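Asks: Please find one structure pasted underneath; my questions will follow.
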Amino acid sequence: YFGSKEGLYLAVLEAAYRGIRAIEAGAHLDDLAPEDALRRLVGHTVDYQWAHPEFARLVQSENIHRAQYLAQSESIRKLNVPAASLAMQPI
């Protein structure tokens, strides 16, 4: 179904990132000043990671492997753009 173990892992990784980004999208960050938006983003991220420890383990694994699978995923790159652009806004 996924073609390989690596394909399955990438599908799990993409689903995990969709989960955290969905929480962030529902946080209405565009309605806030940049500093308040960043505080809310960090708060939601920490809450999500506490509720989903498997996400933190996936991120740790990717860090150890220098983002080997993250680099292969166009969908994760697209999901990460809004969060990265928020972090780049001047306060």
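The values are calculated or read from the model by the stated rules, or taken from the named source; none is laboratory data. What you are looking at is a predicted structure, and each value in this text was computed from that prediction instead of being measured. FYI the Cβ positions are ideal-geometry reconstructions off the backbone, even for glycines, and counts take in every protein chain you see. Note: accessible area is taken over every heavy atom of the protein model, side chains too, but ligands, DNA and RNA are not part of it. Shrake-Rupley method; radii C 1.70, N 1.55, O 1.52, S 1.80 Å.
Asks: Restricting attention to the stretch 1-20, which residues are within 18 Å of Arg77 (Cβ to Cβ), open to solvent by 50 Å² or more (accessible area, probe 1.4 Å) and not hydrophobic (A, V, I, L, M, F, W, C)?
Replies: Listed by number, the residues that qualify are Glu6, Tyr9, Arg18.
Asks: Residue by residue through the stretch 2-34, note down the ones that are in contact (Cβ under 8 Å) with a residue 40 or more places away in the chain and among the β-branched types (Val, Ile, Thr).
Replies: Kept after step one, since they are in contact (Cβ under 8 Å) with a residue 40 or more places away in the chain, are these residues of the stretch 2-34: 6, 9-10, 12-14, 16-18, 21, 24-25, 29, 34.
Passing the criteria: only Val12.
Asks: Which one of Asp30, Asp36, Asp47 is at pLDDT below 90, open to solvent by 60 Å² or more (accessible area, probe 1.4 Å) and either of a type outside the set (Gly, Ala, Ser) or assigned to a helix (DSSP H, G or I) (or both)?
Replies: Values: Asp36 fails: at pLDDT below 90; Asp47 fails: at pLDDT below 90.
On inspection, the qualifying residue turns out to be Asp30.
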